[in-house]
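Engineer: Please see the structure below; I have some questions.
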Amino acid sequence: MIKKTKLALGLMATLGVAGLASAPVSADEISDLNARIAKLERAQAVDALKSDNGNMVFFRGGYARNDNARTDLTFGTTDASFAVDQDGWDVGAGLDFRLSDDFFGLHDGTEILAELMFTYSQFGTSPTSLTAIVPGDLAIPALASQFTLTASPKIKFLKGSKFRPWIVPIGLGINVISPTSNAVTYLKPSMQFAAGADYKLWKSIYLGADIRYNLGFGNNDDQIDINGFTTGAYLGIGF
């Protein structure tokens, strides 16, 4: 308490408070100055942790799973013998751009970011039947994959801390499947929901993990089923 009082008196002298040596200092003035000092100390702590501007580029990889295995490969049948695995893997990268460092003035410890991300998911190989256009029993391998491009708002909590949880309340995705469906469909929009967290390892290097769910617009149809989730880890670089 004595140390804080000395700091408060020093701050008053720095600010040029008239009559400091002769005028008595009230308890309210000391309390107010202590609060201002604490605020300055918190700001200095945030500045000490922050070595970037809240933006980030990250590289991600992990596990992917579709809600339903694809049986609609090009010119195929809906027979389960032509289905690929529901489980697969994914890799991707993305960018975070800070829009607000105080939730647009509503909360000082919460940031709003704009996330732009692309992901490639692969679900294995299955024979593709060509009997619909070629007589006989002909089948060739088909590699089932999906490319997803998303743009989402991201809410990031605990500003100033090394550990930063975040959520994506809803985002927009554009999905490309390969091979195309039986109806030669390969594009479909979707919604994205996500949650995760990252930890500042050193300077502007971050390590994080997340889980994301992709939900297609409209009814789930057999021609192009893109519903599913991915989960994994990412390495981020702040800038």
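The values are calculated or read from the model by the stated rules, or taken from the named source; none is laboratory data. Note that the coordinates shown come from a computational prediction; the quantities given were computed from them, not determined experimentally. Here Cβ is always computed from backbone atoms with ideal geometry, including for glycine, and neighbour counts include all displayed protein chains.
Engineer: How about region 175-215: which of its residues are at pLDDT below 90 and in a strand (DSSP E or B)?
Structural biologist: Selection gives Ile177, Ser178, Leu187, Lys188.
Engineer: List pairs: first residue in region 204-223 and on the phi > 0 side of the Ramachandran plot and assigned by TED's automatic domain parsing to the domain that holds Gly160, second residue modelled with pLDDT of 70 or more and not in a loop (DSSP other than H, G, I, E, B) anywhere in the structure, Cβ distance under 9 angstrom, at least six positions apart or on different chains.
Structural biologist: Cβ pairs passing all conditions: Gly218/Lys188; Gly218/Pro189.
Engineer: Could you go through region 75-84 and let me know if any residue there is at pLDDT 80 or above, polar (S, T, N, Q) and surrounded by 14 or more Cβ atoms within 10 Å (Cβ to Cβ).
Structural biologist: no
Engineer: Could you pull out the residue among Ser161, Ser181, Ser152, Ser190 that is over 20 Å from Phe123 (Cα atoms), among the polar types (S, T, N, Q) and surrounded by 15 or more Cβ atoms within 10 Å (Cβ to Cβ)?
Structural biologist: Ser152
Here is a yes/no grid of residues against (1) under 35 Å from the mean Cα position of the chain (by Cα); (2) at pLDDT 55 or above; (3) not in a helix (DSSP H, G or I):
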site: Gly19; (1), (2), (3): no, no, yes
site: Asp28; (1), (2), (3): no, yes, no
site: Asn34; (1), (2), (3): no, yes, no
site: Phe58; (1), (2), (3): yes, yes, yes
site: Asn68; (1), (2), (3): yes, yes, yes
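Engineer: Could you check region 84-117 and list, in sequence order, the residues that are farther than 17 Å from Pro169 by Cβ, in a strand (DSSP E or B) and aliphatic (A, V, I, L, M)?
Structural biologist: Val91, Ala93, Leu95
Engineer: In addition: Restrict the check to region 150-161 and report whether at least one residue is modelled with pLDDT of 90 or more, in contact with a helix residue (DSSP H, G or I) (Cβ under 8 Å, 6 or more places away or on another chain) and of a type in the set (Ser, Thr, Tyr).
Structural biologist: So far as region 150-161 goes, yes, one or more of its residues are modelled with pLDDT of 90 or more, in contact with a helix residue (DSSP H, G or I) (Cβ under 8 Å, 6 or more places away or on another chain) and of a type in the set (Ser, Thr, Tyr).
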